[in-house]
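Beneath this line is the structure, given in C-alpha coordinates, with notes to follow.
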Amino acid sequence: MYFLFGIYALALTFIAIYCLSQVLLWLDYRRGQRQLEKYQASNLKRAKLTDDLPFVTIQLPIFNEMYVVERLIDNIVQINYPKDKFQIHVLDDSTDETVEITRQKVIEYQEKGFDIEQIVRTNRQGYKAGALKDATPQAKGDLIAIFDADFLPKPDFLLETIPYFENEKVGVVQTRWEHINKKYSLLTRLQAMQLDVHFSVEQNGRFTGKSLLQFNGTAGVWRKETIDDAGGWEADTLTEDLDLSYRAQIKGWKIIYLEGVGSPAELPAEMNGLKSQQFRWMKGGAENARKNLIRIWSSNIPLKKKMNGSFHLFNSTVFVAVLIAGLTSVPLVFLLNGKTFPMGQYFLGLFAISTLAILLVYYEANVRAFFQEGSYAKRLLTFIVYFPIFLSLSMGLCFHNSIAVLEGWSGKKSAFIRTPKFNIKSFGDSFQNTKYQTRKVTWTTIFEGLLAIYFLFGFISGLLIGNSTFLIFHGLLSIGFSTIFFYTILHLQKS
(Lines give C-alpha, C1' and ligand atoms only; values in the text may rest on other atoms or scores of the structure.)
Protein backbone atom coordinates (compact mmCIF):
# COMPACT_ATOMS: atom_id res chain seq x y z
CA MET A 1 0.00 0.00 0.00
CA TYR A 2 2.79 2.43 0.89
CA PHE A 3 4.49 1.94 -2.47
CA LEU A 4 1.24 2.54 -4.34
CA PHE A 5 0.44 5.57 -2.26
CA GLY A 6 3.95 6.91 -2.84
CA ILE A 7 3.46 6.77 -6.61
CA TYR A 8 0.10 8.50 -6.28
CA ALA A 9 1.60 11.16 -3.99
CA LEU A 10 4.46 11.89 -6.39
CA ALA A 11 2.04 12.27 -9.32
CA LEU A 12 -0.24 14.55 -7.32
CA THR A 13 2.73 16.61 -6.18
CA PHE A 14 3.82 17.12 -9.80
CA ILE A 15 0.29 18.26 -10.65
CA ALA A 16 0.38 20.71 -7.73
CA ILE A 17 3.73 22.11 -8.92
CA TYR A 18 2.29 22.57 -12.40
CA CYS A 19 -0.72 24.39 -10.95
CA LEU A 20 1.59 26.56 -8.84
CA SER A 21 3.53 27.53 -11.97
CA GLN A 22 0.24 28.58 -13.58
CA VAL A 23 -0.60 30.75 -10.56
CA LEU A 24 2.85 32.36 -10.76
CA LEU A 25 2.14 33.20 -14.41
CA TRP A 26 -1.20 34.64 -13.32
CA LEU A 27 0.59 36.83 -10.76
CA ASP A 28 2.95 38.09 -13.47
CA TYR A 29 -0.06 38.65 -15.70
CA ARG A 30 -1.92 40.69 -13.07
CA ARG A 31 1.21 42.50 -11.95
CA GLY A 32 2.04 43.41 -15.51
CA GLN A 33 -1.32 44.80 -16.56
CA ARG A 34 -0.46 48.43 -15.84
CA GLN A 35 3.00 47.95 -17.32
CA LEU A 36 1.42 46.40 -20.40
CA GLU A 37 -1.04 49.26 -20.78
CA LYS A 38 1.81 51.76 -20.62
CA TYR A 39 3.87 49.69 -23.06
CA GLN A 40 1.08 49.44 -25.58
CA ALA A 41 0.20 53.11 -25.20
CA SER A 42 3.74 54.11 -26.11
CA ASN A 43 4.67 51.28 -28.49
CA LEU A 44 1.49 50.12 -30.20
CA LYS A 45 2.04 52.21 -33.31
CA ARG A 46 -0.01 51.52 -36.35
CA ALA A 47 1.97 51.90 -39.53
CA LYS A 48 0.48 54.09 -42.23
CA LEU A 49 0.33 53.27 -45.90
CA THR A 50 2.29 56.44 -46.58
CA ASP A 51 5.19 55.26 -44.41
CA ASP A 52 8.36 53.74 -45.83
CA LEU A 53 7.11 50.21 -45.31
CA PRO A 54 9.38 47.14 -45.38
CA PHE A 55 8.83 44.36 -47.88
CA VAL A 56 6.99 41.38 -46.36
CA THR A 57 6.74 37.78 -47.52
CA ILE A 58 3.55 35.99 -46.45
CA GLN A 59 3.98 32.22 -46.24
CA LEU A 60 0.95 29.91 -46.24
CA PRO A 61 2.02 26.31 -45.50
CA ILE A 62 -0.78 23.90 -46.49
CA PHE A 63 -1.34 20.18 -46.89
CA ASN A 64 -4.59 18.75 -48.27
CA GLU A 65 -6.82 21.70 -47.38
CA MET A 66 -9.41 21.54 -50.15
CA TYR A 67 -12.18 22.93 -47.92
CA VAL A 68 -10.41 26.08 -46.72
CA VAL A 69 -7.58 26.98 -49.13
CA GLU A 70 -9.71 29.24 -51.32
CA ARG A 71 -11.03 31.03 -48.23
CA LEU A 72 -7.47 31.46 -47.01
CA ILE A 73 -6.10 32.99 -50.20
CA ASP A 74 -9.17 35.21 -50.71
CA ASN A 75 -8.58 36.55 -47.22
CA ILE A 76 -4.83 37.09 -47.50
CA VAL A 77 -5.11 39.24 -50.63
CA GLN A 78 -7.34 41.59 -48.62
CA ILE A 79 -4.36 42.54 -46.44
CA ASN A 80 -4.19 46.33 -46.24
CA TYR A 81 -0.68 46.82 -47.59
CA PRO A 82 0.79 48.15 -50.85
CA LYS A 83 0.82 45.47 -53.56
CA ASP A 84 4.43 46.22 -54.41
CA LYS A 85 5.48 45.71 -50.78
CA PHE A 86 4.45 42.11 -50.19
CA GLN A 87 4.47 38.71 -51.83
CA ILE A 88 2.43 35.59 -51.07
CA HIS A 89 3.96 32.11 -51.14
CA VAL A 90 1.50 29.22 -50.90
CA LEU A 91 3.70 26.35 -49.69
CA ASP A 92 1.67 23.48 -51.05
CA ASP A 93 2.64 19.94 -50.01
CA SER A 94 -0.79 18.59 -50.93
CA THR A 95 -1.42 15.22 -52.54
CA ASP A 96 -5.09 15.67 -53.49
CA GLU A 97 -7.44 18.10 -55.24
CA THR A 98 -6.02 20.94 -53.16
CA VAL A 99 -3.12 21.33 -55.62
CA GLU A 100 -5.42 22.16 -58.53
CA ILE A 101 -7.78 24.31 -56.44
CA THR A 102 -4.79 26.32 -55.24
CA ARG A 103 -3.32 26.60 -58.74
CA GLN A 104 -6.54 28.09 -60.11
CA LYS A 105 -6.83 30.54 -57.23
CA VAL A 106 -3.19 31.64 -57.57
CA ILE A 107 -3.63 32.24 -61.31
CA GLU A 108 -6.77 34.31 -60.57
CA TYR A 109 -4.84 36.69 -58.33
CA GLN A 110 -1.73 36.77 -60.46
CA GLU A 111 -3.93 38.14 -63.23
CA LYS A 112 -5.11 40.83 -60.81
CA GLY A 113 -1.55 41.97 -60.23
CA PHE A 114 -0.67 40.22 -56.97
CA ASP A 115 2.80 38.83 -56.39
CA ILE A 116 1.59 35.35 -55.47
CA GLU A 117 3.15 31.97 -56.16
CA GLN A 118 2.29 28.34 -55.48
CA ILE A 119 5.40 26.45 -54.37
CA VAL A 120 4.81 22.71 -54.75
CA ARG A 121 7.23 20.17 -53.29
CA THR A 122 7.62 16.68 -54.70
CA ASN A 123 7.80 15.22 -51.18
CA ARG A 124 6.81 16.13 -47.61
CA GLN A 125 10.29 15.83 -46.18
CA GLY A 126 10.29 17.63 -42.84
CA TYR A 127 6.54 18.28 -43.10
CA LYS A 128 5.64 21.88 -42.20
CA ALA A 129 9.13 22.66 -40.91
CA GLY A 130 10.59 21.30 -44.15
CA ALA A 131 8.26 23.42 -46.27
CA LEU A 132 9.18 26.56 -44.34
CA LYS A 133 12.89 25.75 -44.47
CA ASP A 134 12.84 25.16 -48.23
CA ALA A 135 10.84 28.34 -48.87
CA THR A 136 12.79 30.74 -46.64
CA PRO A 137 15.61 31.34 -49.18
CA GLN A 138 12.96 32.23 -51.77
CA ALA A 139 11.44 34.94 -49.56
CA LYS A 140 12.23 38.43 -50.84
CA GLY A 141 11.03 40.08 -47.64
CA ASP A 142 13.15 40.91 -44.61
CA LEU A 143 10.01 40.08 -42.62
CA ILE A 144 8.05 36.82 -43.00
CA ALA A 145 4.42 36.48 -41.86
CA ILE A 146 3.10 32.93 -41.46
CA PHE A 147 -0.53 31.75 -41.47
CA ASP A 148 -1.89 28.23 -41.29
CA ALA A 149 -4.72 27.23 -43.61
CA ASP A 150 -7.54 27.87 -41.11
CA PHE A 151 -6.54 31.45 -40.26
CA LEU A 152 -8.26 34.59 -41.52
CA PRO A 153 -6.08 37.55 -40.45
CA LYS A 154 -7.69 40.97 -40.38
CA PRO A 155 -6.79 43.48 -43.11
CA ASP A 156 -4.62 45.62 -40.81
CA PHE A 157 -2.55 42.71 -39.48
CA LEU A 158 0.71 43.90 -41.02
CA LEU A 159 0.13 47.55 -40.13
CA GLU A 160 -0.34 46.51 -36.49
CA THR A 161 2.66 44.21 -36.21
CA ILE A 162 5.53 45.51 -38.33
CA PRO A 163 6.18 48.72 -36.30
CA TYR A 164 7.67 46.58 -33.52
CA PHE A 165 10.51 45.55 -35.79
CA GLU A 166 11.90 49.08 -35.56
CA ASN A 167 13.61 47.63 -32.49
CA GLU A 168 16.49 45.69 -34.00
CA LYS A 169 16.42 43.15 -31.14
CA VAL A 170 12.86 42.06 -31.94
CA GLY A 171 12.87 38.83 -33.91
CA VAL A 172 9.21 37.77 -33.66
CA VAL A 173 5.82 39.38 -33.16
CA GLN A 174 3.04 36.97 -32.14
CA THR A 175 -0.68 37.82 -32.05
CA ARG A 176 -3.60 36.32 -30.14
CA TRP A 177 -5.73 33.63 -31.73
CA GLU A 178 -9.44 34.37 -32.01
CA HIS A 179 -12.08 31.74 -32.73
CA ILE A 180 -14.34 31.82 -35.79
CA ASN A 181 -16.52 28.93 -34.61
CA LYS A 182 -16.27 29.14 -30.82
CA LYS A 183 -20.02 28.66 -30.32
CA TYR A 184 -20.40 25.87 -32.87
CA SER A 185 -20.48 23.04 -30.31
CA LEU A 186 -19.52 21.96 -26.83
CA LEU A 187 -16.19 20.78 -28.23
CA THR A 188 -15.28 24.14 -29.75
CA ARG A 189 -16.37 26.05 -26.64
CA LEU A 190 -14.10 23.96 -24.44
CA GLN A 191 -11.14 24.36 -26.80
CA ALA A 192 -11.63 28.11 -26.74
CA MET A 193 -11.52 28.07 -22.93
CA GLN A 194 -8.10 26.44 -22.96
CA LEU A 195 -6.65 28.53 -25.79
CA ASP A 196 -7.84 31.77 -24.18
CA VAL A 197 -5.81 30.86 -21.09
CA HIS A 198 -2.71 30.38 -23.21
CA PHE A 199 -3.21 33.61 -25.17
CA SER A 200 -3.88 35.75 -22.11
CA VAL A 201 -2.50 34.52 -18.78
CA GLU A 202 0.30 32.35 -20.15
CA GLN A 203 1.62 34.41 -23.05
CA ASN A 204 1.08 37.78 -21.37
CA GLY A 205 2.37 36.44 -18.06
CA ARG A 206 5.57 35.31 -19.75
CA PHE A 207 5.84 38.54 -21.74
CA THR A 208 5.38 40.93 -18.81
CA GLY A 209 7.38 38.63 -16.51
CA LYS A 210 10.31 38.67 -18.97
CA SER A 211 10.22 34.89 -19.43
CA LEU A 212 10.78 32.82 -22.56
CA LEU A 213 7.83 33.01 -24.95
CA GLN A 214 6.86 30.97 -27.97
CA PHE A 215 5.85 31.61 -31.52
CA ASN A 216 2.62 29.66 -31.94
CA GLY A 217 3.29 28.44 -35.46
CA THR A 218 0.94 30.91 -37.14
CA ALA A 219 -0.50 34.43 -36.91
CA GLY A 220 2.90 35.94 -36.32
CA VAL A 221 5.78 37.66 -38.11
CA TRP A 222 9.45 36.66 -38.11
CA ARG A 223 12.49 38.68 -38.98
CA LYS A 224 14.20 36.61 -41.67
CA GLU A 225 17.59 37.34 -40.11
CA THR A 226 16.36 35.84 -36.83
CA ILE A 227 15.37 32.56 -38.50
CA ASP A 228 18.80 32.28 -40.11
CA ASP A 229 20.71 33.30 -36.98
CA ALA A 230 18.86 30.76 -34.83
CA GLY A 231 19.72 27.91 -37.20
CA GLY A 232 16.59 27.84 -39.35
CA TRP A 233 13.55 25.59 -39.23
CA GLU A 234 14.30 22.07 -37.99
CA ALA A 235 12.02 19.05 -38.36
CA ASP A 236 13.29 16.89 -35.48
CA THR A 237 10.29 17.84 -33.30
CA LEU A 238 6.57 18.03 -34.09
CA THR A 239 6.43 21.61 -32.77
CA GLU A 240 9.04 23.32 -34.88
CA ASP A 241 7.58 26.69 -33.85
CA LEU A 242 8.38 26.20 -30.15
CA ASP A 243 11.83 24.86 -31.00
CA LEU A 244 12.85 27.81 -33.17
CA SER A 245 11.35 30.25 -30.65
CA TYR A 246 13.63 28.98 -27.89
CA ARG A 247 16.72 28.81 -30.07
CA ALA A 248 16.11 32.41 -31.20
CA GLN A 249 15.65 33.74 -27.66
CA ILE A 250 18.76 31.93 -26.42
CA LYS A 251 20.57 33.78 -29.22
CA GLY A 252 19.34 37.06 -27.74
CA TRP A 253 16.34 37.84 -29.94
CA LYS A 254 13.12 39.15 -28.37
CA ILE A 255 9.56 38.00 -28.93
CA ILE A 256 6.78 40.57 -28.67
CA TYR A 257 3.32 39.29 -27.79
CA LEU A 258 0.29 41.41 -28.73
CA GLU A 259 -2.80 40.37 -26.83
CA GLY A 260 -4.66 43.31 -28.33
CA VAL A 261 -4.24 42.10 -31.92
CA GLY A 262 -6.52 39.16 -32.69
CA SER A 263 -6.19 36.71 -35.57
CA PRO A 264 -9.36 34.66 -36.22
CA ALA A 265 -9.04 30.92 -36.86
CA GLU A 266 -11.18 27.81 -37.10
CA LEU A 267 -11.18 25.43 -34.15
CA PRO A 268 -11.28 21.66 -34.84
CA ALA A 269 -14.96 20.75 -34.94
CA GLU A 270 -14.66 17.00 -34.48
CA MET A 271 -12.97 14.89 -31.81
CA ASN A 272 -10.53 12.93 -33.97
CA GLY A 273 -9.10 16.13 -35.45
CA LEU A 274 -8.76 17.62 -31.98
CA LYS A 275 -6.97 14.49 -30.76
CA SER A 276 -4.49 14.60 -33.63
CA GLN A 277 -3.77 18.25 -32.80
CA GLN A 278 -3.37 17.46 -29.11
CA PHE A 279 -1.05 14.55 -29.90
CA ARG A 280 1.18 16.77 -32.03
CA TRP A 281 1.31 19.55 -29.43
CA MET A 282 1.92 17.24 -26.46
CA LYS A 283 4.54 15.09 -28.17
CA GLY A 284 6.21 18.16 -29.63
CA GLY A 285 6.38 19.76 -26.19
CA ALA A 286 8.11 16.69 -24.76
CA GLU A 287 10.46 16.51 -27.76
CA ASN A 288 11.42 20.13 -27.20
CA ALA A 289 12.09 19.50 -23.52
CA ARG A 290 14.34 16.59 -24.48
CA LYS A 291 16.10 18.72 -27.10
CA ASN A 292 16.34 22.15 -25.49
CA LEU A 293 16.55 21.80 -21.69
CA ILE A 294 20.33 21.37 -21.73
CA ARG A 295 20.63 24.21 -24.23
CA ILE A 296 18.60 26.48 -21.92
CA TRP A 297 20.59 25.69 -18.78
CA SER A 298 23.96 26.02 -20.52
CA SER A 299 23.04 29.42 -21.96
CA ASN A 300 23.69 32.87 -20.50
CA ILE A 301 20.04 33.82 -20.09
CA PRO A 302 18.88 34.85 -16.56
CA LEU A 303 18.04 32.15 -14.01
CA LYS A 304 14.36 33.11 -13.90
CA LYS A 305 14.08 32.58 -17.65
CA LYS A 306 15.76 29.20 -17.32
CA MET A 307 13.36 28.09 -14.58
CA ASN A 308 10.21 29.39 -16.31
CA GLY A 309 11.34 27.93 -19.63
CA SER A 310 11.80 24.54 -17.97
CA PHE A 311 8.32 24.69 -16.43
CA HIS A 312 6.96 25.59 -19.85
CA LEU A 313 8.62 22.64 -21.58
CA PHE A 314 7.39 20.25 -18.88
CA ASN A 315 3.76 21.41 -19.26
CA SER A 316 2.64 18.49 -21.39
CA THR A 317 4.02 16.01 -18.86
CA VAL A 318 1.23 16.95 -16.46
CA PHE A 319 -1.06 14.59 -18.39
CA VAL A 320 1.19 11.67 -17.46
CA ALA A 321 0.92 12.69 -13.81
CA VAL A 322 -2.90 12.89 -14.05
CA LEU A 323 -3.03 9.41 -15.61
CA ILE A 324 -0.73 7.91 -12.95
CA ALA A 325 -2.67 9.56 -10.14
CA GLY A 326 -5.92 8.25 -11.59
CA LEU A 327 -4.74 4.69 -12.14
CA THR A 328 -3.24 4.34 -8.65
CA SER A 329 -6.14 6.01 -6.86
CA VAL A 330 -8.70 3.29 -7.63
CA PRO A 331 -6.96 0.53 -5.63
CA LEU A 332 -6.30 3.12 -2.91
CA VAL A 333 -10.08 3.40 -2.45
CA PHE A 334 -9.86 -0.02 -0.80
CA LEU A 335 -6.41 0.31 0.79
CA LEU A 336 -6.58 3.84 2.11
CA ASN A 337 -8.89 5.45 4.61
CA GLY A 338 -8.62 8.08 7.29
CA LYS A 339 -7.95 5.61 10.10
CA THR A 340 -5.08 3.65 8.58
CA PHE A 341 -3.42 6.45 6.64
CA PRO A 342 -4.35 9.99 7.72
CA MET A 343 -2.09 11.48 5.04
CA GLY A 344 -4.83 10.64 2.57
CA GLN A 345 -6.81 13.63 3.74
CA TYR A 346 -3.75 15.83 3.29
CA PHE A 347 -3.41 14.84 -0.35
CA LEU A 348 -7.13 15.34 -0.86
CA GLY A 349 -6.50 18.92 0.24
CA LEU A 350 -3.61 19.17 -2.21
CA PHE A 351 -5.95 18.06 -5.01
CA ALA A 352 -8.49 20.70 -3.94
CA ILE A 353 -5.86 23.45 -3.87
CA SER A 354 -4.61 22.46 -7.33
CA THR A 355 -8.16 22.58 -8.67
CA LEU A 356 -8.74 26.02 -7.16
CA ALA A 357 -5.49 27.28 -8.68
CA ILE A 358 -6.58 26.19 -12.17
CA LEU A 359 -10.05 27.63 -11.50
CA LEU A 360 -8.46 31.01 -10.75
CA VAL A 361 -6.39 31.04 -13.95
CA TYR A 362 -9.30 29.97 -16.15
CA TYR A 363 -11.62 32.50 -14.52
CA GLU A 364 -9.14 35.26 -15.34
CA ALA A 365 -8.88 34.27 -19.00
CA ASN A 366 -12.52 33.42 -19.66
CA VAL A 367 -14.38 35.96 -17.52
CA ARG A 368 -12.13 38.94 -16.78
CA ALA A 369 -10.10 39.12 -20.02
CA PHE A 370 -10.89 42.23 -22.06
CA PHE A 371 -11.50 40.33 -25.30
CA GLN A 372 -14.34 38.18 -23.94
CA GLU A 373 -17.79 39.07 -25.29
CA GLY A 374 -21.03 39.81 -23.44
CA SER A 375 -21.77 41.19 -20.00
CA TYR A 376 -19.79 40.14 -16.94
CA ALA A 377 -22.80 38.27 -15.53
CA LYS A 378 -23.25 36.30 -18.75
CA ARG A 379 -19.55 35.45 -18.95
CA LEU A 380 -19.52 34.34 -15.32
CA LEU A 381 -22.59 32.14 -15.72
CA THR A 382 -21.16 30.57 -18.88
CA PHE A 383 -17.90 29.88 -17.07
CA ILE A 384 -19.65 28.27 -14.10
CA VAL A 385 -21.49 25.92 -16.46
CA TYR A 386 -18.59 24.98 -18.72
CA PHE A 387 -15.55 24.87 -16.44
CA PRO A 388 -16.42 21.56 -14.70
CA ILE A 389 -17.08 20.01 -18.13
CA PHE A 390 -13.77 21.37 -19.40
CA LEU A 391 -11.91 19.98 -16.39
CA SER A 392 -13.49 16.57 -16.89
CA LEU A 393 -12.72 16.38 -20.63
CA SER A 394 -9.14 17.55 -20.05
CA MET A 395 -8.73 14.63 -17.64
CA GLY A 396 -10.34 12.36 -20.22
CA LEU A 397 -7.56 13.21 -22.68
CA CYS A 398 -4.82 12.20 -20.24
CA PHE A 399 -4.34 8.69 -21.66
CA HIS A 400 -4.17 9.85 -25.29
CA ASN A 401 -1.88 12.76 -24.41
CA SER A 402 0.32 10.64 -22.12
CA ILE A 403 1.14 8.34 -25.03
CA ALA A 404 2.22 11.40 -27.01
CA VAL A 405 4.37 12.70 -24.15
CA LEU A 406 6.05 9.36 -23.50
CA GLU A 407 6.82 8.99 -27.21
CA GLY A 408 8.33 12.47 -27.17
CA TRP A 409 10.51 11.81 -24.14
CA SER A 410 11.65 8.44 -25.50
CA GLY A 411 12.67 9.89 -28.86
CA LYS A 412 10.23 7.82 -30.91
CA LYS A 413 9.59 9.53 -34.24
CA SER A 414 6.21 9.81 -35.95
CA ALA A 415 4.68 11.63 -38.88
CA PHE A 416 3.33 15.17 -38.65
CA ILE A 417 -0.44 14.60 -38.73
CA ARG A 418 -2.09 17.87 -39.56
CA THR A 419 -5.47 18.80 -38.11
CA PRO A 420 -8.08 18.79 -40.92
CA LYS A 421 -10.35 21.80 -41.25
CA PHE A 422 -13.77 21.80 -42.92
CA ASN A 423 -14.74 25.48 -43.26
CA ILE A 424 -16.90 25.29 -40.13
CA LYS A 425 -18.04 28.77 -39.17
CA SER A 426 -21.63 28.55 -37.91
CA PHE A 427 -24.05 26.05 -36.42
CA GLY A 428 -25.49 25.07 -39.80
CA ASP A 429 -22.12 23.93 -41.20
CA SER A 430 -21.25 20.23 -41.09
CA PHE A 431 -18.14 18.07 -41.27
CA GLN A 432 -20.06 14.82 -41.76
CA ASN A 433 -18.99 12.68 -44.73
CA THR A 434 -16.08 14.93 -45.60
CA LYS A 435 -12.91 13.58 -47.09
CA TYR A 436 -10.53 14.04 -44.16
CA GLN A 437 -12.52 12.37 -41.39
CA THR A 438 -10.99 9.42 -39.56
CA ARG A 439 -12.55 6.04 -40.43
CA LYS A 440 -11.00 3.56 -37.99
CA VAL A 441 -11.31 2.97 -34.25
CA THR A 442 -7.81 2.94 -32.75
CA TRP A 443 -6.58 0.92 -29.78
CA THR A 444 -6.29 4.11 -27.74
CA THR A 445 -10.01 4.75 -28.21
CA ILE A 446 -10.81 1.23 -26.95
CA PHE A 447 -8.65 1.84 -23.87
CA GLU A 448 -10.41 5.15 -23.27
CA GLY A 449 -13.70 3.26 -23.13
CA LEU A 450 -12.21 0.74 -20.69
CA LEU A 451 -10.79 3.53 -18.52
CA ALA A 452 -14.25 5.13 -18.35
CA ILE A 453 -15.52 1.84 -16.85
CA TYR A 454 -12.47 1.58 -14.55
CA PHE A 455 -13.03 5.00 -13.00
CA LEU A 456 -16.78 4.45 -12.77
CA PHE A 457 -15.95 1.32 -10.77
CA GLY A 458 -13.72 3.42 -8.51
CA PHE A 459 -16.49 5.99 -8.04
CA ILE A 460 -19.16 3.42 -7.19
CA SER A 461 -16.78 1.51 -4.90
CA GLY A 462 -16.04 4.68 -2.96
CA LEU A 463 -19.75 5.24 -2.46
CA LEU A 464 -20.39 1.67 -1.33
CA ILE A 465 -17.57 1.45 1.22
CA GLY A 466 -17.96 5.01 2.44
CA ASN A 467 -14.56 6.32 1.24
CA SER A 468 -15.21 9.77 -0.21
CA THR A 469 -11.54 10.69 -0.69
CA PHE A 470 -11.51 10.17 -4.46
CA LEU A 471 -15.19 10.58 -5.36
CA ILE A 472 -14.83 13.88 -7.20
CA PHE A 473 -11.60 12.77 -8.90
CA HIS A 474 -13.07 9.49 -10.10
CA GLY A 475 -16.33 11.11 -11.10
CA LEU A 476 -14.56 13.65 -13.30
CA LEU A 477 -12.32 10.99 -14.83
CA SER A 478 -15.22 8.66 -15.58
CA ILE A 479 -17.27 11.40 -17.22
CA GLY A 480 -14.24 12.68 -19.11
CA PHE A 481 -13.21 9.32 -20.56
CA SER A 482 -16.83 8.45 -21.39
CA THR A 483 -17.30 11.72 -23.26
CA ILE A 484 -14.01 11.42 -25.16
CA PHE A 485 -14.90 7.84 -26.14
CA PHE A 486 -18.43 8.82 -27.19
CA TYR A 487 -17.37 11.76 -29.37
CA THR A 488 -14.49 9.80 -30.93
CA ILE A 489 -16.90 7.10 -32.11
CA LEU A 490 -19.60 9.61 -33.07
CA HIS A 491 -17.24 11.61 -35.26
CA LEU A 492 -15.89 8.69 -37.26
CA GLN A 493 -16.68 8.95 -40.95
CA LYS A 494 -19.81 7.02 -41.81
CA SER A 495 -19.30 4.31 -44.43
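Some observations on this one:
- Scanning the range 416-443 for residues that are surrounded by 15 or more Cβ atoms within 10 Å (Cβ to Cβ) and either free of Cβ contacts under 8 Å to residues at least 60 places away in the same chain or in contact with a His (Cβ under 6 Å, 6 or more places away or on another chain) (or both) gives no hits.
- Among the conditions (1) more than 14 Å from GLY262 (Cα to Cα); (2) under 18 Å from the mean Cα position of the chain (by Cα); (3) assigned to a helix (DSSP H, G or I); (4) among the aromatic types (Phe, Trp, Tyr), the only one that PHE215 does not satisfy is (3).
- Residue among TYR67, TYR81 that alone is more than 25 Å from the chain's Cα centre (by Cα), surrounded by 15 or more Cβ atoms within 10 Å (Cβ to Cβ), part of a loop (DSSP other than H, G, I, E, B) and not charged (D, E, K, R): TYR81
- Number of the exception - PHE207 against (1) surrounded by 20 or more Cβ atoms within 10 Å (Cβ to Cβ); (2) modelled with pLDDT of 95 or more: (2)
- Qualifying residue in the range 297-313 (condition: crowded, with 23+ Cβ neighbours inside 10 Å, part of a helix (DSSP H, G or I) and small (Gly, Ala, Ser)): yes
- Among the candidates LEU463, LEU393, residue that is assigned to a helix (DSSP H, G or I), aliphatic (A, V, I, L, M) and within 25 Å of the chain's Cα centre (by Cα): LEU393
- Residue in the range 179-202 that is under 18 Å from ASP228 (Cα atoms), crowded, with 18+ Cβ neighbours inside 10 Å, at pLDDT 95 or above and out of contact with any His (no Cβ under 6 Å at 6 or more places or on another chain) present: no
The values are calculated or read from the model by the stated rules, or taken from the named source; none is laboratory data. All figures in this text were calculated on a predicted structure; none of them were measured in a lab. Glycine gets a Cβ as well: all are built from the backbone with ideal geometry, and neighbour counts include every protein chain shown.
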